[in-house]
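**Q** Got a structure here, written out as structure tokens. Questions coming.
The values are calculated or read from the model by the stated rules, or taken from the named source; none is laboratory data. Being a predicted model, the structure only gives us computed values, none of them experimental. In this analysis, Cβ positions are derived from the backbone assuming ideal geometry, glycine residues included, and neighbour counts consider all displayed protein chains. Accessible surface is based on the protein model in full, side chains and every heavy atom, while ligands, DNA and RNA are left aside. Shrake-Rupley method; radii C 1.70, N 1.55, O 1.52, S 1.80 Å.
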Amino acid sequence: MSEFFQTFLNPGVMAESSGLLLRGLWVTLQACLIVVPGGLFFGAGLALAQTLAPAWGARSLSWGVDLIRAFPPLVLLVLIVHGLPFLGIEPPPLLGVGIALTINTSTYYGEILRAGILSIEPTQWEAARSTGLGTMATLRHVILPQGVRNVLPDLAGNTLEAVKLTSLASVVALPDLLRMARVAQGVHFNPSPLILAALLYLALLWPLVRLIRRLGGRAVLPA
Amino acid sequence: MRIFFDPEVLAAAWPGIRSGIGVTLGLALTSIAAGVALGLLLATVRALIRGAPLRPVGGLIAAYADVFRAMPPLVLLVVLYFAAPFAGIELSGFMAAFVALGLVLGASAEEIFWAGITSVNRGQWEAALSTGLSRGEAFRRVVLPQAVRLTIPPLTNRAIATGKNTALASVVAVPEVLNQAASIQAQTASPAPLLLAAGVYVALFLPLVRIGRWLETRFHIR
Amino acid sequence: MSDVLELRGVGKTFAGIPALRDIHLAVGASELVALIGPSGSGKSTLLRCCNRLTEPDAGDVVFEGEPVPAGGAELASVRRRMGMVFQAFNLYPHLNALENAALAPRRAAGLSQGEAETAAREALERVGLGDRTSAMPDELSGGQQQRVAIARALALRPRILLLDEPTSALDPELVGSVLRVIRSLKEDGVAMLIATHEIAFAREAADRIAFLADGEILECGPPAEVLDRPRTERLQSFLSRL
């Protein structure tokens with residue numbers, strides 16, 4: 001048993017690599033701070049566009065969304081981070097990761113928000129129209145406040161997925177938590193940093209999972 | 001623009017990517033089968049022991065679902081591939097990816113089946129038990145068929161997500177589509193192989209994503 | 001007497017089935033016109049054509065001497081001056097009574113927040129709910145909810161109210177409170193077009209009654225004339241079944 005601890009939870013190694021891991025954690029948090037607000041922002045735009053567009057417009061948007069969803073997030077990430085330089089565009093790594101993952105996650109936020117909008121009875125639209133409220137005012141003051149509340153668990157669930165997604169950044173050499181753990185493992189030739197990183201992810205995300213449960217969330221977010 | 005669709009590079013890349021398609025499909029299908037089976041097994045156990053003295057087992061199953069919902073699949077894969085050998089467990093890249101994807105899907109599937117089962121009205125259990133069916137029979141003949149209907153759209157979506165997550169296996173050197181494209185790209189210094197791979201993923205998954213969307217509206221789960 | 005609202009030859013067809021045919025009807029200032037008729041006779045559709053929640057496909061709707069515009073800010077402006085009350089209230093469940101009534105004055109009529117709340121408060125007092133301004137819709141009885149809905153329309157100081165079976169969704173003991181409010185609005189000179197099944201109320205409060213069947217107005221006139229001396233067989237049998 002103590003041999004197990006020496007190998008996988010070695011206190012010395014963990015202490016020595018903690019600086020590296022904290023730097024990685026900070027990069028992971030920065031990525032989250034780009035991807036979650038960005039995804040919500042563009043997702044909201046997508047949902048509004050689909051709501052306001054004429055039928056053919058909404059249909060083409062839904063095809064566009066599905067086209068993006070057909071890419072594994074890692075493929076989208078590699079394509080953008082390794083493909084853009086061939087176009088002469090070389091964004092800083094964090095921004096490249098942010099763009100790719102925001103594109104991916106905003107399609108999910110968009111669909112969730114759209115479902116929220118659609119969950120509101122047409123009679124609410126009619127009541128607002130009958131008092132002369134315009135479309136945007138109706139959305140902002142009548143439809144969205146109710147619709148967002150209806151899909152709060154799904155929004156939280158997608159936020160969980162977005163945070164998990166940021167671990168992909170390690171693949172394109174962004175020094176995030178997972179990447180730094182790999183580096184530390186290489187330095188010490190000991191897997192403790194990797195285990196510590198996994199535990200950090202759990203510590204970060206377990207409360208979110210519990211929160212989603214409390215909200216009555218489902219595990220059934222779209223793919 | 002030509003550099004993105006260089007026909008020579010594309011022709012040279014195609015055999016590798018074609019063999020990658022086989023690996024991607026093989027990994028996807030085995031992980032999905034294992035994950036769904038695991039989820040169904042755990043949800044069934046949890047349903048049958050409800051209220052029985054074995055209740056703590058139900059808590060363990062719920063904890064498993066929570067942990068693997070909180071754990072990024074790539075982190076799990078990296079731990080399995082790079083840390084497990086220190087415990088004397090040497091997994092090939094393919095096996096590590098299979099186990100990681102299967103465990104993650106198993107957690108979602110358990111949750112989805114469990115949600116389906118608990119959504120079936122208590123009265124259905126009682127009606128079945130009152131006619132003399134055993135707990136197991138009541139579950140198999142009455143509850144499960146109703147639960148499955150509710151589980152099909154979300155389960156399809158999680159299965160598609162698992163299929164897409166096979167791209168993670170490129171990190172542990174499994175020669176699937178993305179891995180093949182990346183190594184050819186490294187040799188040719190051209191983005192064309194990546195674009196070809198992207199096209200392959202779209203061809204594989206766009207129809208599935210459309211089907212998933214159709215199922216969601218069809219079964220109207222909201 | 002100039003008419004507030006006039007329908008000239010209005011028609012509407014749903015999926016090939018005529019819902020309204022050649023409707024001619026006018027509501028004068030301070031006048032209360034009741035629409036009666038069996039369910040599905042087109043009463044709702046007629047009301048909804050007035051503010052174009054349903055788009056009529058024939059004829060004209062004229063409001064204060066001008067045709068009701070097809071859309072845009074002009075239509076929104078007409079809708080503000082044409083209050084509508086729905087059978088199922090359609091209150092905003094996330095807003096309290098005051099906020100329900102103040103939303104359109106603030107966001108559609110462009111009043112300041114203070115002015116909008118004053119208008120909303122006055123409207124709520126007028127329907128007898130001055131003491132429930134902070135109640136959420138689900139804390140109110142059906143009758144109270146419908147009175148909030150009336151206040152929501154009144155807060156915009158409309159020239160006419162369109163009421164679509166305002167008491168049909170209410171428990172019998174709550175109907176009286178809503179009808180009392182409508183009567184008091186009539187005394188204040190608010191023009192109203194009201195679809196209703198409350199024949200006794202129509203007889204006593206309406207200036208004119210229009211009987212609608214299969215999308216057509218078969219009879220229209222003062223209550224005594226329409227209710228006591230029905231000329232058509234349809235109206236006779238409708239009244240005899242009550």
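**Q** Somewhere in the stretch A:112-124, is a residue of a type in the set (S, T, N, Q), within 25 Å of C:G72 (Cβ to Cβ) and either more than 14 Å from chain C (Cβ to nearest Cβ) or surrounded by fewer than 23 Cβ atoms within 10 Å (Cβ to Cβ) (or both)?
**A** yes
**Q** Could you tell me which residue of the stretch B:176-202 is farthest from B:G22 (Cα to Cα), considering only residues that are crowded, with 20+ Cβ neighbours inside 10 Å, aliphatic (A, V, I, L, M) and within 22 Å of the chain's Cα centre (by Cα)?
**A** So the residue we want is B:A198.
**Q** To continue, here is another question. Name the single residue, out of those in the stretch A:125-155 being surrounded by 19 or more Cβ atoms within 10 Å (Cβ to Cβ) and within 27 Å of A:L205 (Cβ to Cβ), that is farthest from the other protein chains (Cβ to nearest Cβ).
**A** A:L155
**Q** Moving to a separate point now. For the stretch C:226-242, name all the residues that are assigned to a helix (DSSP H, G or I) and more than 13 Å from C:A34 (Cβ to Cβ).
**A** Hits for the stretch C:226-242 are C:D228, C:E233, C:R234, C:L235, C:Q236, C:S237, C:F238, C:L239, C:S240.
**Q** Next up: Looking at (1) out of contact with any helix residue (DSSP H, G or I) (no Cβ under 7 Å at 6 or more places or on another chain); (2) in a helix (DSSP H, G or I); (3) not aromatic (F, W, Y), can you tell me which one A:I89 breaks?
**A** (2) is the only condition that A:I89 fails.
**Q** If we scan the stretch B:69-79, do we find a residue that is within 12 Å of chain A (Cβ to nearest Cβ), out of contact with any strand residue (DSSP E or B) (no Cβ under 9 Å at 6 or more places or on another chain) and charged (D, E, K, R)? Lay out the reasoning, then the answer.
**A** Filtering the stretch B:69-79 down to residues within 12 Å of chain A (Cβ to nearest Cβ) leaves B:69-79.
Filter once more, so that each one left must be out of contact with any strand residue (DSSP E or B) (no Cβ under 9 Å at 6 or more places or on another chain): B:69-79.
Subsequent filtering for residues that are charged (D, E, K, R) retains B:69.
So far as the stretch B:69-79 goes, yes, one or more of its residues are within 12 Å of chain A (Cβ to nearest Cβ), out of contact with any strand residue (DSSP E or B) (no Cβ under 9 Å at 6 or more places or on another chain) and charged (D, E, K, R).
**Q** Residue check, A:L74 against (1) more than 10 Å from chain B (Cβ to nearest Cβ); (2) outside any loop (DSSP other than H, G, I, E, B); (3) closer than 16 Å to A:V35 by Cβ; (4) not charged (D, E, K, R), all met but one. Which one?
**A** (1)
**Q** Let me ask something additional. In the set B:A109, B:A96, B:A83, which member is free of Cβ contacts under 8 Å to residues at least 12 places away in the same chain, of a type in the set (G, A, S) and open to solvent by less than 20 Å² (accessible area, probe 1.4 Å)? Step through it out loud before you land on a result.
**A** Values: B:A109 fails: free of Cβ contacts under 8 Å to residues at least 12 places away in the same chain; B:A96 fails: free of Cβ contacts under 8 Å to residues at least 12 places away in the same chain.
From the options B:A109, B:A96, B:A83, the qualifying one is B:A83.
**Q** Restricting to the stretch A:8-22, count the residues that are open to solvent by 30 Å² or more (accessible area, probe 1.4 Å) and either without any contact (Cβ under 8 Å) to a residue 12 or more places away in the chain or in a helix (DSSP H, G or I) (or both).
**A** Residues flagged as open to solvent by 30 Å² or more (accessible area, probe 1.4 Å) and either without any contact (Cβ under 8 Å) to a residue 12 or more places away in the chain or in a helix (DSSP H, G or I) (or both) within the stretch A:8-22 amount to 9.
**Q** Still on this model: Which condition does B:T118 not pass, out of (1) β-branched (V, I, T); (2) surrounded by 21 or more Cβ atoms within 10 Å (Cβ to Cβ); (3) closer than 21 Å to B:V57 by Cβ, if it passes all the others?
**A** Exception for B:T118: condition (2).
**Q** Would you mention how many residues in the stretch B:189-222 are under 26 Å from A:V151 (Cα atoms), outside any helix (DSSP H, G or I) and more than 9 Å from chain A (Cβ to nearest Cβ)?
**A** Number of matching residues: 1.
**Q** Of the residues C:R208, C:R229, which is touching a residue at least 24 places away in the same chain (Cβ under 8 Å) and in the same structural domain as C:L46 (by TED's automatic domain parsing)?
**A** Details: C:R229 fails: touching a residue at least 24 places away in the same chain (Cβ under 8 Å).
Sole residue among the options that is touching a residue at least 24 places away in the same chain (Cβ under 8 Å) and in the same structural domain as C:L46 (by TED's automatic domain parsing): C:R208.
**Q** In the stretch A:55-106, what residues are surrounded by 12 or more Cβ atoms within 10 Å (Cβ to Cβ), among the aliphatic types (A, V, I, L, M) and more than 16 Å from A:F42 (Cβ to Cβ)?
**A** Within the stretch A:55-106, A:A58, A:A70, A:L74, A:V75, A:L77, A:V78, A:L79, A:V81, A:L84, A:L94 qualify.
**Q** Now, a different point. Out of the residues in the stretch C:66-104 that are touching a Gly at 6+ places or on another chain (Cβ under 8 Å) and without any contact (Cβ under 8 Å) to a residue 12 or more places away in the chain, which is most open to solvent (accessible area, probe 1.4 Å)?
**A** Among those residues, the one meeting the criterion is C:A73.
**Q** Is it true that some residue in the stretch B:140-156 is within 7 Å of chain A (Cβ to nearest Cβ), closer than 30 Å to A:L87 by Cα, buried (at least 20 other Cβ atoms within 10 Å of the Cβ) and at pLDDT 85 or above?
**A** no
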